Amino acid sequence: MVKISKKNIGIIIVDEDNTPNPDEFSLVLTKTEDEFQLQKGMYVLVSTLEGDVIASVSNVYKTNRYFSSPSAVRAYETSGKTLASIFPADRWEHIIAKAKPLGILTEIGIQRLLYPVSPGETVYIPDNEILAKFLGLEKTNGLNLGAINQHNINVNLNLTRFLQKHAAILAISGAGKSYAVSVIKKNYYQEKKTQGRVSAILFDIHGEYKGLGAEESQLRKHVEIFPGAVIQFATSSLSSRQFAIYQPQITSAQTRELSKILSKMYHERVKKGETYLIKDIINELELDEQINVRSKEALIGWLFSLEETRLFGAAEYPSLQDILKPGKLVIFDLSEFTSLKLKQMIVSYILFRIFNLRKKNQVPPSTIIIEEAHQLCPDARLELAISKSIIETIAREGRKFFTSLILVSQRPVKLSTTALSQCNTHVIMKILNPYDLDFIGRSSEGIDRATLNAITGLGVGEAVIVGNAVNHPIFVKIRERRTKTMETQSLEESAKSYES
């Protein structure tokens with residue numbers, strides 16, 4: 001329970017809205033505005049015999065009995081004399097606040113408040129230690145996203161609670177989604193094994209994170225960037241099912257025929273330490289006289305189409321087993337590709353490989369950050385969503401193998417419902433689209449209508465965190481980045497640069 005030495009700011013009152021009740025209470029501020037400014041969104045504390053009730057200020061307003069009658073105010077003001085010159089109106093101005101109880105902190109933990117606090121009880125501002133404990137924040141370690149400015153308290157999220165059950169970062173363009181790097185950065189800046197380092201993989205769709213590998217970047221030695229043009233799949237590691245994902249038109253019967261060819265090549269080549277290319281598969285198909293002619297022609301045509309992508313080689317590059325290291329961030333820069341299908345194929349291949357390697361414990365526990373997730377894991381049919389299947393698989397099963405997802409999107413309504421529903425923590429920045437807001441309201445655990453309405457008014461770099469990582473929704477000001485992402489120019493600067 002709170003100590004009497006804590007700063008008291010007000011007294012609980014009875015008002016015409018039938019408060020206090022278990023869901024709300026009103027308080028009158030006993031301090032002057034010069035002494036203390038009570039703001040919407042702040043946390044307050046009421047000490048009871050059972051424990052400390054923590055509440056969030058849902059609204060703040062001023063009242064003055066001398067200005068409660070519009071007709072009287074108008075009559076005095078039109079007479080040439082102000083009310084303040086006749087009556088001591090300034091003495092009757094009061095600040096009233098509405099607060100929503102979030103729970104009660106007892107000796108056995110946090111409980112739901114099932115009874116009202118009492119009128120006349122003193123209202124305090126909780127100290128940082130009590131507030132952090134109640135909200136589920138770490139004291140020092142964890143992911144430092146920023147601060148609750150009104151209380152000057154750091155928001156340090158427990159790494160396991162934030163990542164193990166996956167997370168989503170949702171915001172309109174320009175609201176600050178690229179701070180996702182800030183979410184993970186602290187882990188890759190730690191150099192001591194005892195601090196529990198994981199590896200991270202970031203799919204950069206627009207080349208926003210090239211600055212992390214720049215000479216002046218503090219994270220340069222922890223970051224490795226691979227342009228999309230250098231990525232190659234190890235053809236001999238692909239199953240017939242994966243080929244079918246890359247070319248969804250392949251029928252199940254054709255997939256079985258392809259599987260027979262791949263099995264034959266595995267025994268004849270791979271077991272002897274050799275490898276093969278797509279053209280070798282095509283040669284085997286042409287020589288096989290048992291396959292139906294039409295199926296053979298279709299398979300050969302689709303395989304030629306895949307070969308033209310230039311993604312399929314004799315060996316995997318980069319070798320995921322070699323580059324995924326504890327405390328290291330690997331960025332796949334896909335910005336040079338205009339084809340969404342090629343981007344999805346690369347993401348699909350890399351995620352299949354990472355997930356299989358994690359099952360065998362051949363790479364460290366990993367966090368996968370997917371920018372523009374609504375493009376790579378859309379709520380669409382397979383031919384338009386090649387990478388959707390593996391992303392949904394990791395969303396459902398990844399936590400068992402310590403493979404975590406962070407989905408970053410500006411259009412959550414277009415995201416796979418299956419994938420987003422498995423993200424148990426949402427970091428929501430400014431969202432304006434009503435369809436996206438409605439979708440967030442239905443898919444985010446623990447978010448109420450008041451919090452949802454506040455999302456449209458968030459500023460750049462402000463966010464609300466809801467879900468598994470915190471005990472209650474938290475509004476946070478994201479801390480300033482210490483590393484650069486891609487340099488941005490104004491329209492005027494870009495135009496002048498073109499003509500210079």
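With respect to the stated conditions, Thr63 is touching a strand residue (DSSP E or B) at 6+ places or on another chain (Cβ under 8 Å), β-branched (Val, Ile, Thr) and more than 23 Å from Val464 (Cβ to Cβ).
Residues being assigned to a loop (DSSP other than H, G, I, E, B) and polar (S, T, N, Q): count how many of those fall in the range 38-96. Walk me through it before giving the result.
Kept after step one, since they are assigned to a loop (DSSP other than H, G, I, E, B), are these residues of the range 38-96: 38-42, 48-51, 68-69, 79-82, 87-88.
Applying the additional criterion that residues be polar (S, T, N, Q) yields 39, 48, 68-69, 79, 82.
Counting residues in the range 38-96 that are assigned to a loop (DSSP other than H, G, I, E, B) and polar (S, T, N, Q) gives 6.
Of all the listed residues (Ile300, Ile281), the sole one being in contact (Cβ under 8 Å) with a residue 24 or more places away in the chain and either surrounded by 13 or more Cβ atoms within 10 Å (Cβ to Cβ) or in contact with a Phe, Trp or Tyr (Cβ under 7 Å, 6 or more places away or on another chain) (or both) is Ile281. Of a type in the set (Gly, Ala, Ser) and within 15 Å of Ser118 (Cβ to Cβ) - does that describe any residue in the range 22-29? There is at least one residue in the range 22-29 that is of a type in the set (Gly, Ala, Ser) and within 15 Å of Ser118 (Cβ to Cβ). The single condition among (1) without any contact (Cβ under 8 Å) to a residue 40 or more places away in the chain; (2) under 26 Å from Asp17 (Cα atoms) that Ala132 does not satisfy is (2).
Taking the conditions exactly as written (among the aliphatic types (A, V, I, L, M), at pLDDT below 90 and more than 27 Å from Tyr209 (Cβ to Cβ)), does Leu458 satisfy them or not?
Criteria not met by Leu458.
Anything in the range 209-233 that is at pLDDT below 85 and in contact with a helix residue (DSSP H, G or I) (Cβ under 9 Å, 6 or more places away or on another chain)? List them, or say none. Within the range 209-233, Tyr209, Leu212, Gly213, Ala214, Ser217, Gln218, Leu219, Arg220, His222 meet the criteria.
Scanning the range 40-99 for residues that are at positive phi and within 48 Å of the chain's Cα centre (by Cα) gives Gly41, Gly51. For the range 359-368, the criterion of being surrounded by fewer than 18 Cβ atoms within 10 Å (Cβ to Cβ), in a helix (DSSP H, G or I) and out of contact with any His (no Cβ under 6 Å at 6 or more places or on another chain) is met by at least one residue. Do the conditions hold for Ile390, that is, is it of a type in the set (A, V, I, L, M) and assigned to a helix (DSSP H, G or I)? So Ile390 fits the description; yes. Scanning the range 435-483 for residues that are under 17 Å from Asn152 (Cα atoms) and in contact with a Lys or Arg (Cβ under 9 Å, 6 or more places away or on another chain) returns Gly461, Glu462, Ala463. Applying a threshold of 8 Å to beta carbon distances and a minimum spacing of six or more residues, or different chains, the list of pairs starting in the range 51-73 at a residue that is in contact (Cβ under 8 Å) with a residue 12 or more places away in the chain and ending at one that is in a helix (DSSP H, G or I) and among the charged types (D, E, K, R) is empty. Considering only residues in the range 178-208 that are among the hydroxyl-bearing types (Ser, Thr, Tyr) and under 22 Å from the mean Cα position of the chain (by Cα), the one that is modelled with the lowest pLDDT turns out to be Tyr188.
The values are calculated or read from the model by the stated rules, or taken from the named source; none is laboratory data. Because the structure is predicted, anything quoted here is derived from the model rather than measured. Note that we place each Cβ from the backbone using ideal geometry, even for glycine, and neighbour counts take in every protein chain shown.
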